[in-house]
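Visitor: Dropping a structure here in structure tokens format, bear with me for questions.
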Amino acid sequence: MTDAAKQPETQKSDGDADDGYPNARYSWYVVILLTIAYIFSYIDRIVLGLVLEPMKADLGLSDTNMGLLGGAAFAIFYATMGIPLGWLVDRKPRKLVVAMGAILWSVATMATGVARNFTQLFIARMTVGFGEAALSPSAMSLISDLFSPERRGKAIAFYSMALGVGSAIAYLVVGTILEYAETADLTALASFGIDRPWQVVFLAVGFPGVLLGLVFLTVKEPKRKATKLSATGGAGAATFRQALGYIWQNKLPLLGVTVMVSGMTAIAYTSMWLPPLFERTWGWSAATFSQYNGSVLIILAPASVMFWGWTIDHFNQKGRHDMPFVVTQAGLAVLVVSSVIFPLLPNVWAAFVVSQVANVGFTMVTAGGITALLAILPSELRGQAVALYYMFISMTGLLIGPSVVPLFTDFVFGDESMIRYSMALVPLLYSGTILLFSGIIGKAYRAELAKFID
């Protein structure tokens, strides 16, 4: 065990930790582990889109089949199993929930590589969703007990930057693995049913998560901190019925923030169609797009999300406690406008640049949304409430993003080359509508936030 791990739970480190919160250095160590896990989980989640075309060709699948695998199959368990897992998070050691989930989703990712038909793929992707459902409710509950509200924004932003970093690493690493596997001799693996380069990709990206899951067993569990408002009157963790009752009583601010973030996820999960979009519309191969996009994201995503996390904490410490919501609302506006525009542009470089503007919008909503929600949640129900939050944003995002794009392409436009119009319609119709009501949600959010501020 490290020296940091041996220090008393309430000890300060270099003046960074607040009274009653764990040592700052150890808290950041835990956040770094959670972030690495989130990176691995996101790579395992989006890798399907990066090998979409060769999988389609080898297994005889359609765009709609691939959309179901990337959307509905993953969402079924990722969304619904978050509820019982959130119940566990409020009651059991969160490090165990994370360890269990990481091992499960990683093994299921490797299983995707040896699946031979649509049914086997569907089951494997459902299991990936089950495992990944354990991570974020546990992570947000842990971060809330590791950092005070005034310092929480940067920690959440650091964790949330895993989405952009995971995407960048996936684009860069998957392309490299594919290039290697295409020239490698796979004879030794053929006896295990692995004779295609895309299968090697799933095995390679899945295995590290198993090791990381074992590392989480060594993490020290922080004490749970009470909030000013209580959902149970100090009687301990809330029951699921109590959690639902509290959320319903405060539905406009709580559900309003959740719906706004779902506007982001609906666009985010269309990303599995970005390589086909750039290939079919402007002639870039999936490898070319992955290389350019990954190279930009690896810098843009962490820098942008940390900037917005710092901004949130900076204004929070100066009394602007609603800054997480302000950043979320502004980010959704940036995201909607740029995501509608870039698929329709005639020039590939113009489209690529505007798509990176959309990525800035992603980081704003990612940094602000969950931070805004945690600020208006009693501590006794955070695990369950965050699980419900991820259930909603994931279900809407996964069912709309990956699935609606090919439905528009296959059944409305009837031509794969028209994918650009499908990609523009999703942010316009769903996310754009939500943006119109964000002002009403903001008014309710600020009224609720005032109840939690001393």
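The values are calculated or read from the model by the stated rules, or taken from the named source; none is laboratory data. What you see is a predicted model, and the numbers here were worked out from it, not measured in a lab. As a convention, Cβ positions derive from the backbone with ideal geometry for all residues, glycine included, and neighbour counts pool all protein chains shown. Ligands, DNA and RNA are stripped out before the accessible areas are found, and what is left, the full protein with its side chains, is counted by its heavy atoms. Shrake-Rupley method; radii C 1.70, N 1.55, O 1.52, S 1.80 Å.
Visitor: Based on the alpha-carbon gyration tensor of the range 282-398, what equivalent-ellipsoid semi-axes (square roots of 5 times the eigenvalues) come out, in whole Å, largest first? Numbers along the way, then the final one.
Guide: Working: eigenvalues 188, 57, 33 Å².
Equivalent-ellipsoid dimensions as semi-axes: 31, 17, 13 Å.
Visitor: So, for the chain, what is the accessible surface per residue at a probe of 1.4 Å, expressed in square angstrom?
Guide: 38
Visitor: Under 14 Å from the Cβ of Pro93, count the other residues' Cβ atoms, weight Lys and Arg +1, Asp and Glu -1, and hand me the total.
Guide: Here the charged neighbours net out to +4.
Visitor: How fast does the range 322-454 diffuse by Stokes-Einstein, in µm²/s, taking the Kirkwood radius from C-alpha pairs at 10 °C and 1.306 mPa s?
Guide: Translational D for this selection: 97 µm²/s.
Visitor: If you don't mind, another one. Can you give the Kirkwood hydrodynamic radius for the range 362-421, in Å, rounded to one decimal and based on Cα pairs?
Guide: 13.9
Visitor: Applying a 10 Å radius around every beta-carbon, put 294-307, 86-99 in order of their mean neighbour count, most first.
Guide: 86-99, 294-307
Visitor: Can you figure out the FRET efficiency of Ile299 with Leu436, using R₀ = 30 Å and their beta-carbon distance, to the nearest 0.05?
Guide: 0.35
Visitor: Quote the charge dipole size of the range 9-140 about the Cα centre in Debye, to the nearest 20; the model charges only the Cβ of Lys and Arg (+1) and of Asp and Glu (-1).
Guide: It comes to approximately 380 debye.
Visitor: Only Cα pairs under 8 Å and at least 6 apart count here; give the relative contact order of the range 297-454 as a rounded whole percent. If you can, show how the numbers build up before the last one.
Guide: Working: 145 pairs, mean separation 44.3, N = 158.
Normalised by residue count, the contact order of the range 297-454 is 28 percent.
Visitor: For n ≥ 4 DSSP H runs only, could you compute -39500 (n - 2.57) per run for the chain, divide by its residues and tell me the 222 nm figure to the nearest 500?
Guide: -23500 deg cm²/dmol
Visitor: Please report the orientation-averaged projected area of the range 165-311, defined via the convex hull of its C-alpha atoms, in nm². Walk me through the numbers before you get to the answer.
Guide: Numbers: hull surface 59.3 nm².
Dividing the Cα hull surface by four gives the mean projection, 14.8 nm².
Visitor: Sorting check: for 64-75, 400-411, which peptide has the highest mean count of neighbouring beta carbons within 10 Å, and how do the rest follow?
Guide: 64-75, 400-411
Visitor: Follow-up. Rounded to the nearest 0.05, what FRET efficiency do Tyr421 and Lys225 give with R0 = 51 Å and r taken as the Cβ-Cβ distance? Could you check?
Guide: 0.55
Visitor: Let me know the whole percent of all Cα-Cα pairs from the chain that are separated by more than 41 Å.
Guide: I get 14 percent for the Cα pairs in the chain exceeding 41 Å.
Visitor: Only Cα pairs under 8 Å and at least 6 apart count here; give the relative contact order of the chain as a rounded whole percent. Working shown, then result.
Guide: Numbers: 803 pairs, mean separation 110.6, N = 454.
Once normalised by length, the contact order is 24 percent.
Visitor: Right, another one. Output the Kirkwood hydrodynamic radius of the range 66-218, Cα pairs only, in Å rounded to one decimal. Kindly include the intermediate steps, with their values, before the conclusion.
Guide: Details: mean 1/r = 0.0594 Å⁻¹.
When all Cα pairs of the range 66-218 are included, the Kirkwood radius is 16.8 Å.
Visitor: Could I have the simple spin-label model distance between Gln317 and Gln291, label points 7 Å from Cα toward Cβ, reported in nm to one decimal?
Guide: 4.3
Visitor: How many nm separate the modelled label positions at Ala330 and Ala190, each set 7 Å beyond the Cα in the direction of the Cβ?
Guide: 5.9
Visitor: By how many nm would the segment from Phe413 to Leu211 lengthen if fully extended, with 0.36 nm per residue of separation less the alpha-carbon distance? Mind showing how you got there, number by number?
Guide: Details: separation 202, 0.36 × 202 = 72.72 nm, distance 4.53 nm.
In short, 68.2 nm is gained.
Visitor: A follow-up question, please. My understanding is that a pair violates if its Cα-Cα distance is over 23 Å; which of Lys220/Lys451; Lys251/Lys451; Lys95/Lys154 do that in this structure?
Guide: Lys220/Lys451
Visitor: Give me a comma-separated list of calculated 3J(HN,Hα) values for the range 97-102, in order, Karplus coefficients 6.51, -1.76, 1.60 applied at θ = phi - 60°, integers in Hz, x for any Gly or Pro.
Guide: 5, 5, 4, 4, x, 4
Visitor: Next up: Could you state the number of Å between the C-alpha centres of the range 33-69 and the range 237-268?
Guide: Comparing the Cα centres of the range 237-268 and the range 33-69, I get a distance of 28 Å.
Visitor: Restricting things to Cα coordinates, could you compute the convex hull volume per residue of the range 405-454 in Å³? List each step's numbers first, then the result.
Guide: On the way: hull volume 4.3 nm³, N = 50.
Hull volume over Cα atoms, normalised by residue count, gives 87 Å³.
Visitor: If I take the Cα coordinates of the range 135-194 and project them onto the principal axes, what are the three extents in Å, biggest first?
Guide: 56, 22, 11
Visitor: Another one. Figure the gain on full extension for Ser62 and Leu252 (residue separation times 0.36 nm, minus the Cα-Cα span) and round it to one decimal in nm.
Guide: Taking 0.36 nm per residue and subtracting the Cα distance, the gain is 64.4 nm.
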